[in-house]
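Trainee: Below is the structure I would like to discuss, written out as structure tokens.
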Amino acid sequence: MTRPAFDYVDGVLHAEGVSAVSLAEQFGTPLYVYSRAALTEAWNAYASACAGRRASVHVAVKANSNLAVLNVFARLGAGFDIVSGGELARVLAAGGKAENTVFSGVGKHANEMREALAAGVKCFNVESIPELDRLNAVAAQMGKKAPVSLRVNPDVDAKTHPYISTGLKSNKFGVAFDEARATYQAAAAMANLEVVGIDCHIGSQITEVAPYLDAVDKLLELVEQIEQDGMTIRHIDVGGGLGITYDDETPPDISDFVRTVLDRIEARGHGHREVYFEPGRSLVGNAGVLLTRVEFLKPGAEKNFAIVDAAMNDLARPAMYEAYHAIDAVVQRELPAHVYDVVGPVCESGDWLGRERLLAVEPGDLLAIRSAGAYGFVMSSNYNTRPRAAEVMVDGTQAHVVRAREEVQQLFAGETVLPE
Ligand code: LLP
């Protein structure tokens, strides 16, 4: 892309060729806006670095599961990484293929296993012996052999927020490194499982490549032991987790990251194996913004508040992780700027979207909350009986509604009162 997907034209923020002011007028606020070009550009960064190598990319559906987003990736030839039967249904509805889909997650239900086996997913990333037992039993009932890899916990520090770090011994995820060899032997002994690979995922919003190289080194050590035990490891899944720039972070460039990991695996003599990547945030995070309108400016004794029409139910990351999202006025105006806490209408002190932001705005103005494409809409809720936002995808000069705004009636349509 020659210019950023979200950029100012004559002082007005645009999504590709469409003004954010017109998007808000047409579709209302709060509004998630995605850029097809930005999604494509991020995908191409992964795909070009994988070209000619034994490597493939599985989009982590949890980061953004809108059908239009998944469909953009499916049309580009993506595989997918799912963590539920619901996500499998979305992948299939969006034109993705089960045979290019890996099934992750620590607590798969037997029904979800059945659906995924029937659909023919590429691999189950299994995290414990009880889960192996359950999958083996389900596969036996169906007269099938389930392809499995074990998610091994390499016990490396990804140096990220404790809530989104997953590769440490203290996390609930994965098979402990020291128990992995024996767990592989247990899997090999189960008649309806076929060991095909090894998997890890060390965390999210990782801004350095070193933790990945440490994890890869540990996995390869294990792969050699597992193969001595008579199994064949066809693929190595290095997980997702590559970070993005929200503020001043400087994560590695996607292509450099991919090449560095592939080079390391090749240099250690494992280049014949297929390498899987499972990125979420780095594909979609900066391909989306959340537009919101300022309702009131409320001066306070200690703080000024900009009360906006989006809230923690729309974007949970600040309340949940104290995550930083840049916030910009959609129209750059010649007004005195003041420092505001940007907060929503939800009845919680934790309902904030940004703290101490310098903004030149008046009531009625629009704000763009940046980097909202990943873990934004997917984590939104109906708290305070707030209908969830609409989602729009911009493609050049066209804007398409890819999810209609919820109506209040939909929110309690499944509820009933007790009989008289
Ligand atoms: N694969 C597995 C097994 C995962 O658990 C995750 C994310 C991914 C791939 C994708 O990771 P990514 O490339 O997006 O970092 N809600 C949190 C992030 C939770 C991430 C959970 N796992 C947030 O808003 O920061």
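Trainee: When only residues in the range 197-253 that are touching an Asp or Glu at 6+ places or on another chain (Cβ under 7 Å) and away from the ligand (no atom under 16 Å from the Cβ) count, which is farthest from Val175 (Cα to Cα)?
Mentor: The residue in question is Arg234.
Trainee: Go through the range 47-85 and give me each residue that's among the β-branched types (Val, Ile, Thr) and touching a helix residue (DSSP H, G or I) at 6+ places or on another chain (Cβ under 6 Å).
Mentor: Start the filter on the range 47-85 by keeping residues that are among the β-branched types (Val, Ile, Thr), which leaves 57, 59, 61, 69, 72, 82-83.
If the condition is that a residue be among the β-branched types (Val, Ile, Thr) and touching a helix residue (DSSP H, G or I) at 6+ places or on another chain (Cβ under 6 Å), then Val57, Val59, Val61, Val72, Ile82, Val83 are the ones that fit.
Trainee: Quick check, is Pro345 outside any strand (DSSP E or B), in contact with a helix residue (DSSP H, G or I) (Cβ under 8 Å, 6 or more places away or on another chain), within 15 Å of Arg293 (Cβ to Cβ) and not assigned by TED's automatic domain parsing to the domain that holds Gly243? Reasoning before the result, please.
Mentor: Details: outside any strand (DSSP E or B): yes; in contact with a helix residue (DSSP H, G or I) (Cβ under 8 Å, 6 or more places away or on another chain): yes; within 15 Å of Arg293 (Cβ to Cβ): yes; not assigned by TED's automatic domain parsing to the domain that holds Gly243: yes.
Criteria met by Pro345.
Trainee: For the range 1-92, list the helices (runs of 4 or more DSSP H) that sit wholly inside it and hold at least 2 residues that are touching a residue at least 60 places away in the same chain (Cβ under 8 Å) and open to solvent by 30 Å² or more (accessible area, probe 1.4 Å); which are they?
Mentor: On the way: elements: 20-27, 36-50, 67-75.
Fully inside the range 1-92 and qualifying: 20-27, 36-50.
Trainee: Here's a check for you: in the range 323-333, which residue that is within 17 Å of Val21 (Cβ to Cβ) and assigned to a loop (DSSP other than H, G, I, E, B) is least open to solvent (accessible area, probe 1.4 Å)? Full working, then the answer.
Mentor: Pass one, the range 323-333, residues within 17 Å of Val21 (Cβ to Cβ): 327-333.
Next, only the ones that are assigned to a loop (DSSP other than H, G, I, E, B) stay: 330, 332-333.
Values: Val330: 0, Gln332: 112, Arg333: 85 Å².
In this case the residue turns out to be Val330.
Trainee: Pairs please, first residue from the range 308-335 and over 21 Å from Leu358 (Cβ atoms), second anywhere and part of a strand (DSSP E or B) and within 16 Å of the ligand (Cβ to nearest atom), Cβ atoms under 7 Å, 6+ apart in sequence or on different chains.
Mentor: What qualifies is Asp314/Leu290; Ala319/Trp352.
Trainee: For the range 292-313, indicate whether the set of residues that are within 16 Å of the ligand (Cβ to nearest atom) and part of a strand (DSSP E or B) is non-empty.
Mentor: no
Trainee: Follow-up. Looking at the range 325-347, can you tell me whether even one residue there is within 16 Å of the ligand (Cβ to nearest atom) and closer than 25 Å to Ala60 by Cβ?
Mentor: Checked against the condition, which is being within 16 Å of the ligand (Cβ to nearest atom) and closer than 25 Å to Ala60 by Cβ, the range 325-347 yields at least one hit.
Trainee: Just to be sure I understand, how many residues within the range 176-215 are without any contact (Cβ under 8 Å) to a residue 60 or more places away in the chain and farther than 22 Å from Asp133 by Cβ? Can you show your working first?
Mentor: Going residue by residue through the range 176-215, those that are without any contact (Cβ under 8 Å) to a residue 60 or more places away in the chain are 176-186, 188-192, 194-195, 198, 200, 202-203, 206-213.
Pick out the ones that are also farther than 22 Å from Asp133 by Cβ and you get 202-203, 206-213.
Summing the residues that are without any contact (Cβ under 8 Å) to a residue 60 or more places away in the chain and farther than 22 Å from Asp133 by Cβ in the range 176-215 gives 10.
Trainee: Restricting to the range 97-151, and then to whatever is surrounded by fewer than 17 Cβ atoms within 10 Å (Cβ to Cβ), part of a loop (DSSP other than H, G, I, E, B) and aliphatic (A, V, I, L, M), can you tell me which residue is farthest from the ligand (Cβ to nearest atom)?
Mentor: Per the stated criteria, the residue is Met142.
The values are calculated or read from the model by the stated rules, or taken from the named source; none is laboratory data. Because the structure is predicted, anything quoted here is derived from the model rather than measured. Virtual Cβ from ideal backbone geometry, glycine too; neighbours counted across all protein chains shown. Side chains included, ligands, DNA and RNA excluded: accessible areas come from the protein's heavy atoms. Shrake-Rupley method; radii C 1.70, N 1.55, O 1.52, S 1.80 Å.
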